Amino acid sequence: MIEEIDKNRIPRHVAIIMDGNGRWAQARGMDRSEGHVEGVNTVRRITEIASETGVEYLTLYTFSTENWNRPKAEVDALMHLIVIAIERETPDLIKNNVRLNMIGDTSRIPAEAYNRLCQCMKDTSHCTGLTLTLAISYSARWEILDACRRFAADVEAGRKKASEMDCDKAFEQYLTTSGMPDPDLLIRTGGDHRISNFLLWQIAYSEIYVTDTFWPDFTKEDFLKAIVNFQHRERRFGLTSDQIK
């Protein structure tokens, strides 16, 4: 499928809602945590193929703020798995010139896990290829409210004027994704047709691709199919087809 890809129309930024780990495990009579373990292997191969195809930014919905409401044992296992997996993969990230980034309400992440993740980001900070962003303890509503609070604080302190919030770019400076392009393509695995509080501001004009395939079964070929599907769409951004042509 690599040959079907138009190298001139590669999405700069792909965001993925990695859904279906628990259901994948339960369908096999396994504990839900086994699905998360297998999902880590998928992260590795999708990061590899994204980098190979020339994607510049890959953002993965790793752990939402709503996930904190799951059973404590599952939450603890997820936090442990995330840290162990990233530490294990860091040498390969460096080898493949992939820079690690993290967005979300980091104040809720356990201190040990947060510090170890920060070390991984520091170790890959010199890489200049694909930027792999993990959305951990992330909520789009939290992000937007936090951006509003920080802008209000700047106004109150005299660093900004309310009138300066006059365009999208002015507001985007306060988002956790500041400096990153908006996702061109949003992929959701697991078959559900919803956004689940992910990058609500940033995906305003993203192309959305949903597959019934559970995340642990999502292959490099599946990723390429999503890219080919994206490349066959007409992106109008509110204009007409004639205007685009």
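The values are calculated or read from the model by the stated rules, or taken from the named source; none is laboratory data. As the structure is a computational prediction, the values presented were derived from the model and not from experiment. Cβ placement follows ideal geometry from the backbone for every residue including glycine, while neighbour counts extend to all protein chains displayed. Keep in mind that these areas ignore ligands, DNA and RNA; they rest on the heavy atoms of the full protein, side chains included. Shrake-Rupley method; radii C 1.70, N 1.55, O 1.52, S 1.80 Å.
Quick rundown of the values:
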| item | result |
| --- | --- |
| Subset of region 37-72 that is open to solvent by less than 20 Å² (accessible area, probe 1.4 Å) and of a type in the set (A, V, I, L, M) - its residue that is nearest to residue 139 (Cα to Cα) | 60 |
| Any hit, region 138-150, residues being farther than 20 Å from residue 106 by Cα and at pLDDT 95 or above | no |
| Any pair with Cβ under 9 angstrom, 6 or more apart, that starts in region 92-118 at a residue that is of a type in the set (Gly, Ala, Ser) and ends at one that is part of a loop (DSSP other than H, G, I, E, B) | 104/139; 104/176 |
| Residues satisfying the stated conditions in region 1-36, i.e. surrounded by fewer than 20 Cβ atoms within 10 Å (Cβ to Cβ), of a type outside the set (Lys, Arg) and assigned to a helix (DSSP H, G or I) | 2, 3, 4, 8, 26, 33, 34 |
| Checklist (1) open to solvent by 40 Å² or more (accessible area, probe 1.4 Å); (2) closer than 30 Å to residue 23 by Cβ applied to residue 198, failing item | (1) |
| Inter-residue pairs, beta-carbon under 6 Å, first under 19 Å from residue 223 (Cα atoms) and in region 195-210, second open to solvent by less than 40 Å² (accessible area, probe 1.4 Å) and assigned to a loop (DSSP other than H, G, I, E, B), 6+ apart | 203/183; 206/183 |
| Residue, most open to solvent (accessible area, probe 1.4 Å), within region 79-93, restricted to residues that are of a type in the set (A, V, I, L, M) and in contact with a helix residue (DSSP H, G or I) (Cβ under 6 Å, 6 or more places away or on another chain) | 81 |
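For every residue, the table says whether it meets (1) open to solvent by 80 Å² or more (accessible area, probe 1.4 Å); (2) within 30 Å of residue 34 (Cβ to Cβ).
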site	(1), (2)
74	no, yes
116	no, yes
123	no, yes
142	no, yes
156	yes, no
172	no, no
